[in-house]
Amino acid sequence: MGKVWLVGAGPGDPDLLTVKAMRVIQQADVILYDRLINQEILEYARPDAELIFVGKLPKHHFVQQDMINLLLVKHAKQDKQVVRLKGGDPFIFGRGGEEAAFVVQHKLEFEVVPGITSGIAAPAYAGIPVTHRDYSASFAIVTGHRKEGAEEEEKWQALAKGIDTLAIYMGVSNLPYIQKQLIRHGKHPETPVAFIHWGTTETQHTVTATLETMTETAREENVLNPSMIVIGEVVRLRDELQWFEEFRSERCLDEASV
């Protein structure tokens, strides 16, 4: 039998791909890849490898998850080395756990290759450390697709009062709800917020606001997906520590003067 590899492609900068991920991609017979991966990474694939796009947009999936699961099993049963290539890390909001379970149900071998997740990498490239001795002793990775309900109220209370820094994935379309819940459950309205669009890539753009103004600011600045939302006092450090966007601007000026 073949084998399924669940591989994290990292947050966008192709240089952040791990060495192991590169080696697995190079030996793959079939690669099922997502929308958010950097296309440069596919250049590591063999010329004869079969590349299958299975990307997803908000509220629109090009290929349904059930079909992706079936494709993984189908190709692995043909004695192929199958790579499921995902943006970030396969086990952080990437449905990697569901895919691994489906592969196991069909008695196939699988392996996970972790990737750098954007909840850590995007803030770092924006000059925001998610933990800091003076500002943040706790850090949570949160999905922005949370819905109303009794259990959710308890979770929002814990997030608002018990966690210093929040990294919210897929939250742009749900900003009013996120804002309302955090303020309602005790997060200070003046808590700094950062939106990091296409973090770690050449098109990275960062917008800052406060919890009280985040929805209005996102609308005025036309903040779009994919954007990482960071909420916490550590965002204040960006003014002093931002490096990537300034470095990129200086590099562009140097290239233009040549």
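The values are calculated or read from the model by the stated rules, or taken from the named source; none is laboratory data. These numbers were taken from a predicted model, which means no experiment stands behind them. Here Cβ is always computed from backbone atoms with ideal geometry, including for glycine, and neighbour counts include all displayed protein chains. Just the protein is used for accessible areas: all its heavy atoms, side chains included, with ligands, DNA and RNA removed. Shrake-Rupley method; radii C 1.70, N 1.55, O 1.52, S 1.80 Å.
How much accessible area per residue does the chain have, in Å², with a 1.4 Å probe?
Here the per-residue accessible area is 51 Å².
Divide by every residue of the chain the summed helix terms, -39500 (n - 2.57) for each DSSP H run of at least 4, and state the resulting mean residue ellipticity at 222 nm, rounded to the nearest 500 deg cm²/dmol.
-9500 deg cm²/dmol
Exceeding 29 Å between C-alpha atoms, which entries from my cross-link table qualify? They are 56/80; 56/107; 107/155. Don't jump to the answer; show the numbers that get you there.
Values: 56/80 24 Å; 56/107 27 Å; 107/155 36 Å.
Checking Cα-Cα distances, 107/155 exceed 29 Å.
In vacuum, with every alpha carbon of the chain counted as one equal point scatterer, what does the Debye formula give for log10 I(q)/I(0) at q = 0.07, 0.13, 0.16 Å⁻¹? Two decimals, please.
Computed log10 I(q)/I(0) values: -0.28, -0.88, -1.17.
Where in the range 51-114 are there trypsin sites (Lys or Arg not before Pro) that are in a DSSP coil and have at most 12 other Cβ atoms within 10 angstrom of their Cβ?
Values: sites: 56, 59, 74, 77, 80, 84, 86, 95, 107; in loops: 59, 77, 80, 95, 107.
Answer by residue number: 59, 107.
Once you keep just the Cα pairs under 8 angstrom separated by 6 or more residues, what percentage relative contact order results for the range 41-156?
15 percent
Counting other Cβ atoms within 10 Å of each Cβ, which trypsin sites (Lys or Arg not before Pro) in the range 131-215 have at most 16 and sit in a DSSP loop?
Taking the range 131-215 and a limit of 16 other Cβ atoms within 10 Å, the loop trypsin sites (Lys or Arg not before Pro) found are 133, 147.
Binning every alpha carbon pair distance of the range 119-245 at 5 Å from zero, what are the percents per bin?
Bin by bin from 0 Å, the calculated values are 2, 12, 24, 26, 21, 11, 4, 1, 0.
Going toward the positive end of the dipole of the chain, with +1 on Lys and Arg Cβ and -1 on Asp and Glu Cβ, which of 114, 18, 192 do you reach last?
The residue sitting most towards the positive pole is 114.
Note down the magnitude of the dipole of the chain about its Cα centre, charges +1 on Lys and Arg C-beta and -1 on Asp and Glu C-beta and zero elsewhere, to the nearest 20 debye.
For the chain, the charge dipole is close to 920 debye.
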